[in-house]
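As structure tokens, the structure follows; a few thoughts come after it.
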Amino acid sequence: MKKALITGITGQDGSYLAELLLEKGYEVHGIIRRASTFNTDRIDHIYQDPHDKGTRLKLHYGDLTDGSRMASLVREIAPDEIYNLGAQSHVRVSFDQPIDTMDIVGMGTGMLLEALRDGQQILGKQIRYYQASSSEMFGKVQEVPQTEKTPFYPRSPYGCAKVFAHWLTINYRESYDIHASCGILFNHESPRRGETFVTRKITRAVGRIKLGMQDKLYLGNLDAQRDWGYAGDYVDAMWRMVQQDQPDDYVVSTGKMISVREFCRLSFEHLGLNYEDYIEIDPRYFRPAEVEQLLGDCTKAKEKLGWEATTSVEQLAAMMVDQDLEIARREKTLRDAGHELPASSGHDQ
């Protein structure tokens, strides 16, 4: 049985990847940060699976910035594959917390790569590695669409940290003959997306507005354009990269770009609403340096990995709205029964 170690397992991508690997018969180990409250909602259902009961999913406390802990975990678990998905991944927040973002995303990757290099020597086995790179590395894009050869021009502390982590991974691959691949993933969403990310903020508001629980949705730049895909599709690309005979770097995208405004239209229209009646612009949500458009060319992934996106942005928006409408219904039932709920004005960031 293969063993995989996932950092960021409690996040959107980590939860989908854990499901995929368990379906493929892996024993999955995840690293979670110690906190006063549990943050395992996205993977709790795996423990409730009568066919698993947590026997093949094991969680370990750790922090990417703690190099000694990463090294001991790699030696203890002896994984065949490591997927580095852990990050402070909110671009806007990275302007408010740049040092924390750079530490986790940049130095955390270095700590993990060193733990892998040390682990391979001690364990006497190859450990394959996946690095979660990001389309935010392209930032102020130098060409459209973006490929694996497009120069990087990051426009946020998050993007800068990801560029560092990306090149560090390549350096370790070339210096120490490590099987390390980078997936340059464009925006990917799902019903498990955090509620502070713009797509989920939109679909969450749509459900609440439909039921009369919210009046307005406050957003920033509606004209920013993104290549949006489904996270459930994208974790399959991660796994395929790690299975290749030779490590390499791949753009993972849909090849279709729409604006935030268009995503709003799709989401509101799914429930018969006109987005223009409910959205207001709030300057607080503008980035200090904006990324205007991201569009990926995933030809290499199609040709070498046999991968392509199977979920359209229209299907994605509908999927997310449907879930958030159900969440809003449950909230309304609780509210009508006299339970207090956190107030929401659509200003949540």
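The values are calculated or read from the model by the stated rules, or taken from the named source; none is laboratory data. As the structure is a prediction and not an experimental result, all values here were calculated from the model. Methodologically, a virtual Cβ is constructed for each residue, glycine included, from the backbone with ideal geometry; neighbour enumeration extends over all protein chains shown. Accessible surface is based on the protein model in full, side chains and every heavy atom, while ligands, DNA and RNA are left aside. Shrake-Rupley method; radii C 1.70, N 1.55, O 1.52, S 1.80 Å.
At a glance:
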{"read-out": "Inter-residue pairs, beta-carbon under 6 Å, first among the hydroxyl-bearing types (Ser, Thr, Tyr) and in the stretch 213-238, second in a strand (DSSP E or B) and buried (at least 19 other Cβ atoms within 10 Å of the Cβ), 6+ apart", "value": "234/185; 234/188; 234/252"}
{"read-out": "Answer from 17, 73 - the residue that is among the aliphatic types (A, V, I, L, M) and within 20 Å of the chain's Cα centre (by Cα)", "value": "17"}
{"read-out": "Residue match in the stretch 226-233 (condition: in a helix (DSSP H, G or I) and of a type outside the set (A, V, I, L, M))", "value": "yes"}
{"read-out": "Top-ranked residue of the stretch 135-178 - restricted to ones that are under 25 Å from residue 244 (Cα atoms) and β-branched (Val, Ile, Thr), ranked as surrounded by the fewest Cβ atoms within 10 Å (Cβ to Cβ)", "value": "147"}
{"read-out": "Those residues of the stretch 221-257 which are of a type in the set (A, V, I, L, M) and farther than 25 Å from residue 172 by Cα, in sequence order", "value": "222, 224, 231, 257"}
{"read-out": "Hits in the stretch 135-157 (condition: in a loop (DSSP other than H, G, I, E, B) and of a type in the set (Ser, Thr, Tyr))", "value": "147, 150, 153, 156"}
{"read-out": "Lone unmet requirement of (1) more than 20 Å from residue 191 (Cα to Cα); (2) at pLDDT 75 or above for residue 36", "value": "(2)"}
{"read-out": "Every residue from the stretch 297-309 that is open to solvent by 100 Å² or more (accessible area, probe 1.4 Å) and in contact with a Phe, Trp or Tyr (Cβ under 8 Å, 6 or more places away or on another chain)", "value": "304"}
{"read-out": "Residue 214 vs. criteria out of contact with any strand residue (DSSP E or B) (no Cβ under 6 Å at 6 or more places or on another chain), modelled with pLDDT of 95 or more, open to solvent by 20 Å² or more (accessible area, probe 1.4 Å) and not in a helix (DSSP H, G or I)", "value": "no"}
{"read-out": "Residue among 161, 165 that is closer than 17 Å to residue 238 by Cβ and either of a type in the set (Val, Ile, Thr) or touching a residue at least 12 places away in the same chain (Cβ under 8 Å) (or both)", "value": "165"}
{"read-out": "Subset of the stretch 181-204 (residues that are touching a Lys or Arg at 6+ places or on another chain (Cβ under 6 Å), open to solvent by 20 Å² or more (accessible area, probe 1.4 Å) and either in a helix (DSSP H, G or I) or of a type in the set (D, E, K, R) (or both))", "value": "192, 193, 195"}
{"read-out": "Total residues in the stretch 269-296, condition farther than 30 Å from residue 144 by Cα and open to solvent by less than 60 Å² (accessible area, probe 1.4 Å)", "value": "3"}
{"read-out": "Residues (farther than 18 Å from residue 313 by Cβ and either of a type in the set (Gly, Ala, Ser) or touching a His at 6+ places or on another chain (Cβ under 8 Å) (or both)) located in the stretch 206-241", "value": "207, 212, 218, 220"}
{"read-out": "Evaluation of residue 73 against (1) under 19 Å from residue 182 (Cβ atoms); (2) out of contact with any Pro (no Cβ under 7 Å at 6 or more places or on another chain); (3) open to solvent by less than 20 Å² (accessible area, probe 1.4 Å) (one fails), failing number", "value": "(1)"}
{"read-out": "Which numbered condition residue 239 misses (of (1) within 21 Å of the chain's Cα centre (by Cα); (2) in a helix (DSSP H, G or I); (3) surrounded by fewer than 17 Cβ atoms within 10 Å (Cβ to Cβ))", "value": "(3)"}
{"read-out": "Residue list for the stretch 283-303, restricted to those being touching a helix residue (DSSP H, G or I) at 6+ places or on another chain (Cβ under 7 Å) and aliphatic (A, V, I, L, M)", "value": "291, 294, 301"}
{"read-out": "Index of the failed condition, residue 278 passing every other in (1) at pLDDT below 95; (2) over 26 Å from the mean Cα position of the chain (by Cα); (3) hydroxyl-bearing (Ser, Thr, Tyr)", "value": "(1)"}
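Residue-wise test of (1) assigned to a helix (DSSP H, G or I); (2) open to solvent by less than 50 Å² (accessible area, probe 1.4 Å); (3) modelled with pLDDT of 95 or more; (4) on the phi < 0 side of the Ramachandran plot.
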site	(1), (2), (3), (4)
83	no, yes, yes, yes
88	no, yes, no, yes
102	yes, no, yes, yes
109	yes, yes, yes, yes
120	yes, yes, yes, yes
125	no, no, yes, yes
133	no, yes, yes, yes
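One line per residue, one yes/no per condition, for (1) open to solvent by less than 30 Å² (accessible area, probe 1.4 Å); (2) among the aromatic types (Phe, Trp, Tyr); (3) within 16 Å of residue 214 (Cβ to Cβ):
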{"position": "254", "(1), (2), (3)": "no, no, no"}
{"position": "311", "(1), (2), (3)": "yes, no, no"}
{"position": "315", "(1), (2), (3)": "no, no, no"}
{"position": "326", "(1), (2), (3)": "no, no, yes"}
{"position": "330", "(1), (2), (3)": "no, no, yes"}
